[in-house]
1. Condition (residue is open to solvent by 10 Å² or more (accessible area, probe 1.4 Å) and over 24 Å from the mean Cα position of the chain (by Cα)) applied to the range 105-114: is it met by at least one residue?
2. I want to confirm something. Restricting to the range 304-331 and keeping residues that are among the hydroxyl-bearing types (S, T, Y) and in a loop (DSSP other than H, G, I, E, B), which single residue is most open to solvent (accessible area, probe 1.4 Å)?
3. Could you tell me whether any residue of the range 139-156 is under 26 Å from R393 (Cβ atoms) and part of a strand (DSSP E or B)?
4. Starting from the range 89-104, keep only residues that are closer than 16 Å to P146 by Cβ, then list their pairs with residues that are among the small types (G, A, S) and part of a loop (DSSP other than H, G, I, E, B) whose Cβ atoms are within a distance under 9 Å, requiring at least 6 positions of separation or different chains.
5. Is one or more of the residues making up the range 151-172 under 30 Å from R61 (Cα atoms), surrounded by fewer than 20 Cβ atoms within 10 Å (Cβ to Cβ) and either touching a strand residue (DSSP E or B) at 6+ places or on another chain (Cβ under 9 Å) or not basic (K, R) (or both)?
6. Using the structure shown, decide if E394 is modelled with pLDDT under 90, more than 30 Å from L324 (Cβ to Cβ) and surrounded by fewer than 17 Cβ atoms within 10 Å (Cβ to Cβ).
7. Can you run down the residue pairs with Cβ atoms below 6 Å, 6 or more apart or on separate chains, where the first is in the range 343-364 and over 17 Å from K224 (Cα atoms) and the partner is modelled with pLDDT under 95 and open to solvent by less than 40 Å² (accessible area, probe 1.4 Å)?
Amino acid sequence: MSKFKRSDSIPVNWVSTKMRKVFSERKEKVSDKDYSPLSVGKMGVVPQLDTAAKTDNGDNRKLIRKGDFAINSRSDRKGSGGMSNYDGSASLIITVLKPHHELNVNFYHYLLRSHYFSEEFYRNGKGLVSDLWTTKWEEMRNIYIPIPPREEQDQIVRYLDCQVSKINRLIHGYQKQIGLLEERRQTIIDRAATQGINTNVQYKDSGVNWISQIPEHWNMVYSKKLFVQRKDKAFPNDIQLTSSQKYGIISQDEFMKREGRRLTVVMTGSDILKHVGIGDFVISMRSFQGGLEYSYVEGKISSAYVMLIPNKEKVYDEYFKWLLKSKSYIKALQGTSDLVRDGQALRYANFAKVYLPEIPLKEQKAIADYITSKVSKIDNALPTFQKKIELLREYRTRLISDVVTGQIDVRDVVIPDYIPEEDIEIDIDDADKDLKEVVEDAE
């Protein structure tokens, strides 16, 4: 028999029972014409976005009633489920559970999304490989879950609503701060890269649509004057490279390592591979989303990419690394073609359509040094906020799991009136103080 993964005992006034004693599977089939489509994921059960991919099987969906618990039967989608506040319909991959007895469905919303249950749910799954692992009701029904008295369920929900709300407000506060820093970062890059850093110069109309004013001693020139296309095929000893906005140009092995992937795509045939040199700028299929990538490594890459060799007499690499990542340039690149289809590749012809500024090398270096200095301060600050968010999320997961399994006793905790988190403003300067209060409340 499967047992709920937690400590060896539960509070003496709680009971432990199989899920089938508490829930039964709802199997009614309905159409999304009669019942609005719902999505079941990490955010719980929510109305499906209009932009979500639709299937041609809209008349063959599962009914979800308000108060039901819906969970994705894909075991690897841990935590993808929740109590529904809506009547609606969901994909057949969703398992829909209706409660047998009078109980606090919000308690089970917390319980069945907890870390302990998610791991047990996964452990009971079946499949050939991890990403095809499925836990159906036949396996779920025999998982043991703890059941506290109804009044304690209510107290647990009140407590977790209050504490989770505090934690979420802190997370949102840090996310807002990150957003402001990233916006400031982009503004620094755009302003310095397209207008320079000397405020005492006279400006003139650039003559192009992606930069309005430029210093009067700058000129806008054909891109081909600053960069030429590399056409070398892969060299015999070239290592396989990968281009991504997240990491830039790196070896495929390093990319797989950072992403935690095991499968390596091996490309063969020198006729479909191109050589990348150190210092090349690379136009990828996604360049119109995030600018051109700069290569610090040498190797080979798919022929879908275009390599650009900078003219060293006119190009200071560090400056153009910033310029070609600026929002203004990316927007200009987007305007070179109808780049709305997923996977559409950019070519050298697209790059050549965008005029680039011709600036004295000494000034390019000064601008690049300025941007690097300013941006590095922001880049050094961002991990601090990201780490705080990570710790808060870990703490929230642990807190919920410990409370719903009785490892933290909240029966005598005095809980203030609950205020929905969206109605509360939080001062980011008070974040660490509030975090301390959240932790102390749970101890």
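1. Of all residues in the range 105-114, those open to solvent by 10 Å² or more (accessible area, probe 1.4 Å) come to 105-106, 109-110, 113.
Narrowing further to those that are over 24 Å from the mean Cα position of the chain (by Cα): 105-106.
Yes, the range 105-114 has at least one match.
2. Result: Y316.
3. Yes: one or more hits.
4. From the range 89-104, the pairs are P99/G67.
5. no
6. Working: modelled with pLDDT under 90: no; more than 30 Å from L324 (Cβ to Cβ): yes; surrounded by fewer than 17 Cβ atoms within 10 Å (Cβ to Cβ): yes.
So E394 fails the test.
7. Note: pairs meeting the criteria are A345/A304.
Residue-wise test of (1) among the acidic types (D, E); (2) within 25 Å of the chain's Cα centre (by Cα); (3) within 12 Å of I249 (Cβ to Cβ).
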residue: E293; (1), (2), (3): yes, yes, yes
residue: K300; (1), (2), (3): no, no, yes
residue: M307; (1), (2), (3): no, no, yes
residue: V315; (1), (2), (3): no, no, no
residue: K321; (1), (2), (3): no, yes, yes
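The values are calculated or read from the model by the stated rules, or taken from the named source; none is laboratory data. Note that the structure is a prediction, hence the values are computed from the model and not measured. Glycine gets a Cβ as well: all are built from the backbone with ideal geometry, and neighbour counts include every protein chain shown. Only protein heavy atoms, including side chains, enter the accessible area calculation; ligands, DNA and RNA are left aside. Shrake-Rupley method; radii C 1.70, N 1.55, O 1.52, S 1.80 Å.
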